[in-house]
1. Which residue is modelled with the lowest pLDDT, if the candidates are limited to region B:411-437 and must be open to solvent by 50 Å² or more (accessible area, probe 1.4 Å) and more than 14 Å from chain A (Cβ to nearest Cβ)?
2. May I ask you to say which residue of A:GLY243, A:GLY256, A:GLY269 is at pLDDT below 90 and not polar (S, T, N, Q)?
3. Looking at (1) touching a helix residue (DSSP H, G or I) at 6+ places or on another chain (Cβ under 8 Å); (2) surrounded by fewer than 22 Cβ atoms within 10 Å (Cβ to Cβ), can you tell me which one B:PRO345 breaks?
4. Out of the residues in region A:235-266 meeting the condition of being open to solvent by 30 Å² or more (accessible area, probe 1.4 Å) and of a type in the set (Gly, Ala, Ser), tell me which one is farthest from A:THR191 (Cα to Cα).
5. Which residue is farthest from the chain's Cα centre (by Cα), if the candidates are limited to region A:122-132 and must be open to solvent by less than 10 Å² (accessible area, probe 1.4 Å) and not hydrophobic (A, V, I, L, M, F, W, C)?
6. Check off (1) touching a Phe, Trp or Tyr at 6+ places or on another chain (Cβ under 8 Å); (2) open to solvent by 20 Å² or more (accessible area, probe 1.4 Å); (3) at pLDDT 95 or above for B:ARG284 and give me the number that stays unchecked.
7. Give B:ILE86, B:ILE92, B:ILE119, B:ILE80 a once-over and let me know the one that is farther than 30 Å from B:GLU421 by Cβ, of a type in the set (A, V, I, L, M, F, W, C) and open to solvent by 10 Å² or more (accessible area, probe 1.4 Å).
8. For region A:380-423, how many residues are within 12 Å of A:VAL354 (Cβ to Cβ) and either in contact with an Asp or Glu (Cβ under 6 Å, 6 or more places away or on another chain) or aromatic (Phe, Trp, Tyr) (or both)?
2 protein chains.
Amino acid sequence: MKTLFSPKSIAVVGASRDPHKVGHVILKNLLESFSGEVFPINPNAEEILGKRCYPDLKSLPEVPELIIISIPAKLVPDVIKEASSIGVKYAIVISGGFGEVGRKDLDKALFEAKDELRILGPNCLGIYDSESGVDTLFLPEYRLKRPRKGGISLVSQSGAVGSSILDWAGEEGFGVSKFVSYGNALDLKETDFLEYLGLDKSTRVICMYIEGVSDGKRFLEVASHVSKRKPIIVMKVGRTKSGSKAARSHTGAMAGDDVIYNGVFKQAGIIRVYDMVSMFDIARTLSEQPLPRGPNVGIITNGGGYGVISADEVSEAGLLIPELSSEARKELKKKLPPHAVISNPLDLVGDADVERYKVALEVMENEANIHMVMCNVLFQTAGVQSEIIDVIREFSDRKNKPIVVVSAGGDYTRFHMRMLERSGVPTFDSPRRAALALKALYDYSQIRSQ
Amino acid sequence: MKTLFSPKSIAVVGASRDPHKVGHVILKNLLESFSGEVFPINPNAEEILGKRCYPDLKSLPEVPELIIISIPAKLVPDVIKEASSIGVKYAIVISGGFGEVGRKDLDKALFEAKDELRILGPNCLGIYDSESGVDTLFLPEYRLKRPRKGGISLVSQSGAVGSSILDWAGEEGFGVSKFVSYGNALDLKETDFLEYLGLDKSTRVICMYIEGVSDGKRFLEVASHVSKRKPIIVMKVGRTKSGSKAARSHTGAMAGDDVIYNGVFKQAGIIRVYDMVSMFDIARTLSEQPLPRGPNVGIITNGGGYGVISADEVSEAGLLIPELSSEARKELKKKLPPHAVISNPLDLVGDADVERYKVALEVMENEANIHMVMCNVLFQTAGVQSEIIDVIREFSDRKNKPIVVVSAGGDYTRFHMRMLERSGVPTFDSPRRAALALKALYDYSQIRSQ
């Protein structure tokens, strides 16, 4: 399936001169981001966006590895037949107007036409690959920000959900490898992508938004294999009666009994999440931080209240907060001022500077009984200089123990959080989000050790 | 207590020429934001920031209604004694170094010195009042953004938690009336502020961050009264064993049995939250939207997946999603294109424009069996023009039924969300947050009707 995500050449069937047409936006995006050959196909144009246009696939100087189709539904089966006959491997059918509007006949015609060729879609957004530059999202960059390169791949049954998550991830600065919106899933299905991404070297974490699974047995088999190599995070919706009814009218998915899904996910080593924010909270933590050797969290703070909240949240998440060893306490007493609260949570108090954080992080790193660190940094106080970014990044880069940072505030705080995030340190605006991310890290370490 | 929040005149004891000193920052902020008279007190200066300086309180041309103290702890009791003797009503003691570091003797001296005078603090951030301009937060604006005027007031036992929430609220564009950080609570306590804010006209919703309550019986009494007039949202931490231990070493609060707190909160009509994000989610919804007449939610979306997620979250929150009446369905069928999914959730589908939202909102507003609206708007799609802001605002301004908006994405989306937020429409980046806010709205309607 590597060909689908990074083909040598692409033909755009339905390339258009009209800037408002999907076939124009896709061609334009490809010409800007894709480094391979791109062929516009349109029988009524000589040239589009400076590229020579061809009347049909047969006229092309070479067989494209991938074709992207954006023409009326009823014309698609013939194009697929032609493509298949000349040896095209993959087609992304963006066009809607098939089974989702009751045209089962067009579904059937499409399926019969494809032969060896594999189809993504129809009725989908297609693919975004941050490395190869394949980008079939027909939404302009000002409405949908493309994320930077990274280790998270996302498979979405809903185009709308997928594109809004992608846009959000782009804004937050989270790194994404591949995105797939598979629409009606006439041919290629969620499990096919799961299988491929399990082998894909750039993908470190797989996220899936699904309303239903087409073949439960195969999904379980594939997921069980993949989850041993890399984390799979699934947001399965339609879990209530109302949600399940809505899913049926949306994708026709039989949402199924949620208890059964929970069982399957557990058996397959899948981490289940219930919203998109948690999905990315966990994904970016798993994609950047090492796995912990146990459930014990060391909490650092420069605001007592955040220490209390963190202790509550870490406990509630099911992780532990052990007392520090007498050696660690002795070390901290020697190096911290007398008003610091030497305990776990370790309160460096309101006038803490970068040096105090350095001491605290060193002690936490050396403390055998601490397996991961939750570091609260309140940038509102004057003592915390920007150099704290280097200190935390160095801890994170050594990859001895996972670390997450909690920090809430305005522009000044957010600037520092973004810098940390870019350095591979997951940041959160509340101890709750951070605790749940650490819990997922611990859970996945358990899945891996099974 | 109105005098504390909007006095006619203020003296700053410990005003300093050194820009790094707390007594300088506070004086500077007051001179910029407070319209009443400000007197710097410092025996070693003639003038600070262009204001004539006085050696002590007795030398002032008039008795200030409020004094703000930022001098070493051991000097504070004498100043309080002097202030009390000349008839000063309120003192905010910013200085630390009292009970919180074991100096119970200084606590005692302070308490004995005060006589009729009332003290906020010591060891606190003090007050921010967006209307009167009283601002004793000794943190510069670039680190701590001050929020705009609004109906939410916040009382915080932790300065760090309070200031980071305030900074965050400032950035998000949420409106705040008053903020109090009461520190050691030697004299004025959480319940005093609760009582005052219950009567304060500008405060529409009261938020509290507490680690413990000093007088449970009085708290219950006052809260039971206040909650009948306006919503009280409490984040009570120290609810786990680890958290409670951390609270003890932070504020000395006996966090107490969490089950008992839950009982007290329920009896008092208090809405309990577990993190700061939920606190503001609920507070801004309660401060801007009318109360619903029942638990039924109408869901609108232009992305099927968001309809499914919304249905799940609304159900899980304990609210209901009734089917639309046959009249409503007929009306929608007439005015919407055939591929719209006419149901609840109502899916206007991916090519929805502002006109379709207008139709949907009108029908939801007229439908007797719908009590509140959750409106998903995906700004990634090209059909949704910016004019949707006007359409939603008009619905919200009529105050017939509460409305919240869900929208996730990057810059383009966020710009539109901020504009809606500024118009009094609460916006959320996930259906979960929106559903919990609607649930709180419904819960408070039940508290009010009791």
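The values are calculated or read from the model by the stated rules, or taken from the named source; none is laboratory data. Owing to the predicted nature of the structure, the values given are computational and were not obtained by experimental measurement. Cβ coordinates were reconstructed from backbone atoms using ideal geometry, including for glycine residues, and neighbour counts include every protein chain displayed. Only protein heavy atoms, including side chains, enter the accessible area calculation; ligands, DNA and RNA are left aside. Shrake-Rupley method; radii C 1.70, N 1.55, O 1.52, S 1.80 Å.
1. Only one residue fits best here, namely B:ARG422.
2. Working: A:GLY243 fails: at pLDDT below 90; A:GLY269 fails: at pLDDT below 90.
Checking each option against the conditions leaves just A:GLY256.
3. Result: B:PRO345 passes all but (2).
4. Only one residue tops the list, namely A:SER242.
5. Looking at residues that are open to solvent by less than 10 Å² (accessible area, probe 1.4 Å) and not hydrophobic (A, V, I, L, M, F, W, C), I get A:PRO122.
6. (2)
7. Numbers: B:ILE92 fails: open to solvent by 10 Å² or more (accessible area, probe 1.4 Å); B:ILE119 fails: open to solvent by 10 Å² or more (accessible area, probe 1.4 Å); B:ILE80 fails: open to solvent by 10 Å² or more (accessible area, probe 1.4 Å).
The match here is B:ILE86.
8. Total satisfying the criteria: 1.
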